[in-house]
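Everything below concerns the one structure shown next.
The values are calculated or read from the model by the stated rules, or taken from the named source; none is laboratory data. Note that the structure is a prediction, hence the values are computed from the model and not measured. Positions of Cβ are backbone-derived with ideal geometry, glycine not excepted, and every protein chain shown enters the neighbour counts. Accessible surface is based on the protein model in full, side chains and every heavy atom, while ligands, DNA and RNA are left aside. Shrake-Rupley method; radii C 1.70, N 1.55, O 1.52, S 1.80 Å.
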Amino acid sequence: MSSSAEQRVEALVRIASSVAFGHSLQETLDSIARSVVEQTEVLACGVTVSDPTDRTPWLWSASYGFPDGYVDAAVQCWQRGALLLTTEVYRTLEPIVMEDARQFILDRSEYAPMHEMERGAPWNVIACLPLVTRGKPVGTIYAYYADLPDETGVRFLKAIADQAAVAVDNAQLLEEARGKAALEERQRLARELHDSVSQALYGIAMSARAAQIAVKRDPHGVSVPVEYILSLAEGAITEMRALIFELRPETLLEEGLVVLLTKRAAATRTRHEVEVEVEFAEEPDVPLAVKEALYRVAQEALHNVVKHAQASRVFMRLVKEDDQLVLEVCDDGVGFDATAAYPGHLGQQSMRERVSAVGGTLSVTSAPGQGTAVRITVPTSP
């Protein structure tokens, strides 16, 4: 098997693991786009998630390998009446492979916002496939190539599209579970799923090693372990639909809120090179539901810092003040107008709902150029 095929095997394993253990839908989509580009001949890749009731091209998106501003320019073209392959594929559920894509774009005035970036671009072929789960479209994946991909390359992209579709389905089912399932039910699901998913992921790792050996011994016989890797990955992801590993509530029981917040701060520091300082009191004596709400809000706040704030420093604080528990996440980033409405951005609404459900309050203080401070207070006694 060629080195290109070896890279595809590695990419599939990485993407399967990312889907199974992704911290959020956005992080999972980011990982998929990046892995496709870094491990294959694809020059740039994007993933979109759409809503049939929404009038925008997509609700969520991730991209890797494009020039700065390329995706925004594509949206501008769509607003000018240009055909986006993503919207057409989403509508028809039919894959599209466009040759001479660069010239197609340069020849049409409605694509003017993209012209400068397209001139001299290394790609000339675009392949776009739908993401379909439970018989319904949820989005698209698109890949840019220098030359027309072979049949194996298209099959690989189809496998990635299947993985991405399951990731979206996971996120949607998780949202439903948050609103409908009791905490005890989620704990039961966590215990039942943990062993089976761990075994499946172990099988993926072993099969990947088998594929690497097969590359050297029999280049033409490697399809069997590759297909087995895919089947294991799909099985593991299906099992994870009821819950994402990081959201297991018993982790809070086993390790405590302070430990998990410390780990989250360390992960942000390491992965995103942001200075994170912490000031944590001893483990609070509050119900598990309160701890879970505080952790999820802190997680969302740190996600916003990484994605939007362009901050170099973050300060997290968890202390007890009189009969209240206070959690603060403050950054020195670009800030924003906290009084303005941001349609389609549900982060603050979700945080407020979580805090309100445990009898607490949330405030967000920010202004352009002045950073952002998120403060949560919850009572420590009924």
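Considering only residues that are touching a Lys or Arg at 6+ places or on another chain (Cβ under 9 Å) and open to solvent by less than 80 Å² (accessible area, probe 1.4 Å), look in the stretch 50-76 and name the one that is farthest from GLY139 (Cα to Cα). By that ranking, first place goes to GLY65.
For the stretch 11-18, the criterion of a residue being charged (D, E, K, R), modelled with pLDDT under 85 and within 21 Å of LEU131 (Cα to Cα) is satisfied by at least one position. Scanning the stretch 81-91 for residues that are in contact with a helix residue (DSSP H, G or I) (Cβ under 9 Å, 6 or more places away or on another chain) and either farther than 25 Å from ALA112 by Cβ or surrounded by 13 or more Cβ atoms within 10 Å (Cβ to Cβ) (or both) yields ALA82, LEU83, LEU84, LEU85, THR86, THR87. Starting from residues that are in a strand (DSSP E or B) and in contact with a helix residue (DSSP H, G or I) (Cβ under 6 Å, 6 or more places away or on another chain), keep the ones in the stretch 317-344 and report whichever is farthest from PHE280 (Cα to Cα). The qualifying residue farthest from PHE280 (Cα to Cα) is ASP331. Taking each residue of the stretch 268-291 that is crowded, with 17+ Cβ neighbours inside 10 Å and looking for partners that are assigned to a loop (DSSP other than H, G, I, E, B) with beta-carbon atoms closer than 7 Å, six or more apart or interchain, yields THR268/VAL274; VAL274/ALA311; VAL274/SER312; PRO284/THR380; VAL286/THR380; VAL290/VAL358. Is it the case that the stretch 144-159 has a residue that's closer than 11 Å to PRO95 by Cα, hydroxyl-bearing (Ser, Thr, Tyr) and open to solvent by less than 10 Å² (accessible area, probe 1.4 Å)? No, that holds for no residue.
Whether any residue in the stretch 342-359 is buried (at least 16 other Cβ atoms within 10 Å of the Cβ), more than 25 Å from the chain's Cα centre (by Cα) and farther than 18 Å from VAL274 by Cβ is what I want to check. Yes: the stretch 342-359 contains one or more residues that are buried (at least 16 other Cβ atoms within 10 Å of the Cβ), more than 25 Å from the chain's Cα centre (by Cα) and farther than 18 Å from VAL274 by Cβ.
Among the residues of the stretch 299-315, those identified as aliphatic (A, V, I, L, M) and assigned to a helix (DSSP H, G or I) are ALA301, LEU302, VAL305, VAL306, ALA309. Close contacts from the stretch 114-139, counting a first residue that is within 19 Å of PHE156 (Cβ to Cβ) and a second that is open to solvent by 10 Å² or more (accessible area, probe 1.4 Å) and acidic (Asp, Glu), with Cβ to Cβ under 6 Å and a gap of 6+ residues or different chains, come to VAL125/GLU99.
Only one of the numbered conditions (1) surrounded by fewer than 20 Cβ atoms within 10 Å (Cβ to Cβ); (2) within 23 Å of the chain's Cα centre (by Cα); (3) more than 18 Å from GLY369 (Cα to Cα); (4) not hydrophobic (A, V, I, L, M, F, W, C) is violated by ASP323, and that is (2). Selection within the stretch 292-315: residues that are free of Cβ contacts under 8 Å to residues at least 60 places away in the same chain and not aliphatic (A, V, I, L, M). The member of this set that is most open to solvent (accessible area, probe 1.4 Å) is GLN310. Inspection of the stretch 152-173 finds a residue satisfying the criterion of being modelled with pLDDT under 65, out of contact with any helix residue (DSSP H, G or I) (no Cβ under 6 Å at 6 or more places or on another chain) and not basic (Lys, Arg).
For the stretch 333-340, indicate whether the set of residues that are in contact with a Ser or Thr (Cβ under 7 Å, 6 or more places away or on another chain), of a type in the set (Phe, Trp, Tyr) and more than 12 Å from ILE376 (Cα to Cα) is non-empty. Yes, the stretch 333-340 has at least one match. Taking every residue in the stretch 140-154 that is in a loop (DSSP other than H, G, I, E, B) and pairing it with any residue that is of a type in the set (A, V, I, L, M), at least 6 positions away or on another chain, the pairs with Cβ-Cβ distances below 6 Å are LEU148/VAL125.
Scanning for something under 30 Å from HIS272 (Cα atoms) and at pLDDT 90 or above, does the stretch 96-105 turn up at least one residue? Looking for residues that are under 30 Å from HIS272 (Cα atoms) and at pLDDT 90 or above, one finds none in the stretch 96-105, hence no.
The C-beta contact set for the stretch 92-106 (first residue surrounded by 13 or more Cβ atoms within 10 Å (Cβ to Cβ), second residue part of a helix (DSSP H, G or I) and of a type in the set (D, E, K, R), distance under 6 angstrom, 6+ apart or interchain) comprises ARG102/GLU118; ILE105/GLU118; LEU106/GLU118.
Every condition in (1) modelled with pLDDT of 85 or more; (2) buried (at least 21 other Cβ atoms within 10 Å of the Cβ); (3) more than 14 Å from TYR144 (Cα to Cα); (4) of a type in the set (Gly, Ala, Ser) is met by ALA33 except one, and the failing one is (3).
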